[in-house]
Amino acid sequence: MRIDLHAHSTASDGTDAPADLIRAASAAGLDVVALTDHDTVSGWAEALAAAETIGITMVPGVEISCRWQGVSLHLLAFFFDPADAPLLAEMERTRNGRAGRAETMVAQLAADYPISWAQVQRHATGDTVGRPHIADALVESGVVATRDEAFDRLLHSRSAYYVPHAAPEPVAAVGLVRAAGGVAVFAHPGARGRGEVVPDSLIVEMAAAGMAGLEVDHRDHDAPTRARLRDLASRLGLLVTGSSDYHGTGKVNRLGENTTSPEAYAAILAAATSGVAPGGGS
Ligand code: AMP
Ligand code: ZN
Ligand code: FE
Ligand code: FE
């Protein structure tokens, strides 16, 4: 059984529509794929319908933006109640903050480059706007050739054009996910290329708040980082996941390039208390 628990669609900053992502996952030989758009569940219905037609299992999820002492981090959540009011309200707050932040970044970039907010909005067709959509506008204007080049030169977290956005504290976010009956897994906790990473002491606190696992097998982790995180997970009784963090043509990440064991997936299913089940399947 091949299981990939982290992928994005056009509901956030992926380039495949939710149904196309499900088709691509099936074509890549996956049996289970999670849709984990940034701070929105708006892609679930379309993905679920496609999974039922195609006969692949779709795990409903989200990647929640969090912020801790100025450090940005991401929390994956699976199988939570998509109608849970406190969790929905928190994600809506984050999406609104992201929109204001993107507009500010674009205003700063527009002083030096041909880019406009209307142009970025045309690229952000889903619920959640992110730096990748700013990158798309910069590609369109011929400033850079690819999303990657846009991040390397202008959009990285130490860039003069970078602006942060408000997001929940990670321990609070874990609590919200648990209260909504979901299962929380720390996404790429050791991805130093994206900026500063949080200390192990915070991971200990998140585990105490009910976090279930760490995403260890991810392309942004080198072998020593994976070994260290695997050891930390084992000491804290956390499960280990692996995933592609696929974004369609927006990133080199390929579906199924890292996978989650059937045992870890079964443990995630068993930890969910919302009654929300995987969809589709054969
Ligand atoms: P944001 O959520 O707006 O802060 O933007 C960060 C998102 O951009 C990440 O979640 C990735 O999806 C994406 N990203 C980060 N680095 C790159 C890159 N080098 N090329 C393309 N997308 C990237
Ligand atoms: Zn993304
Ligand atoms: Fe992420
Ligand atoms: Fe992601």
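General remarks:
- Each residue in the range 1-23 was checked for being more than 25 Å from LEU214 (Cα to Cα) and either over 18 Å from the mean Cα position of the chain (by Cα) or modelled with pLDDT under 95 (or both), and 1 pass.
Yes/no per residue for (1) within 17 Å of GLY43 (Cβ to Cβ); (2) over 19 Å from the mean Cα position of the chain (by Cα):
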| residue | (1), (2) |
| --- | --- |
| THR241 | no, no |
| SER244 | yes, no |
| HIS247 | yes, no |
| GLY250 | yes, no |
| THR259 | no, no |
| PRO262 | no, yes |
| ALA266 | no, yes |
| GLY281 | no, yes |
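- Residues of the range 1-38 satisfying the condition of being within 16 Å of ligand 2 (Cβ to nearest atom) and over 16 Å from ALA50 (Cα atoms): ASP4, LEU5, HIS6, SER12, ASP13, GLY14, THR15, ASP37, HIS38
- Residue that is farthest from VAL41 (Cα to Cα), among those in the range 156-179 that are surrounded by fewer than 22 Cβ atoms within 10 Å (Cβ to Cβ) and among the hydrophobic types (A, V, I, L, M, F, W, C): ALA160
- Number of residues in the range 138-155 that are assigned to a loop (DSSP other than H, G, I, E, B) and exposed (fewer than 15 other Cβ atoms within 10 Å of the Cβ): the value is 3.
- Across the range 212-251, the qualifying residues are those that are surrounded by 17 or more Cβ atoms within 10 Å (Cβ to Cβ) and in contact with a Ser or Thr (Cβ under 6 Å, 6 or more places away or on another chain), and the one among them that is nearest to ASP20 (Cα to Cα) is GLY248.
- Within the range 160-171, the set of residues being in contact (Cβ under 8 Å) with a residue 40 or more places away in the chain and touching a strand residue (DSSP E or B) at 6+ places or on another chain (Cβ under 9 Å) comprises PRO164, HIS165, ALA166, ALA167, PRO168, GLU169, PRO170.
- So GLY182, is it touching a residue at least 12 places away in the same chain (Cβ under 8 Å), within 18 Å of the chain's Cα centre (by Cα) and farther than 16 Å from ILE203 by Cα: yes
- Residue satisfying all of: in the range 1-14; within 16 Å of ligand 3 (Cβ to nearest atom) and not acidic (Asp, Glu); surrounded by the fewest Cβ atoms within 10 Å (Cβ to Cβ) among these: ALA11
The values are calculated or read from the model by the stated rules, or taken from the named source; none is laboratory data. The structure presented is a predicted model; accordingly, all values stated were derived computationally and were not measured. Positions of Cβ are generated from backbone atoms using ideal geometry, with glycine treated the same way; all protein chains shown enter the neighbour counts.
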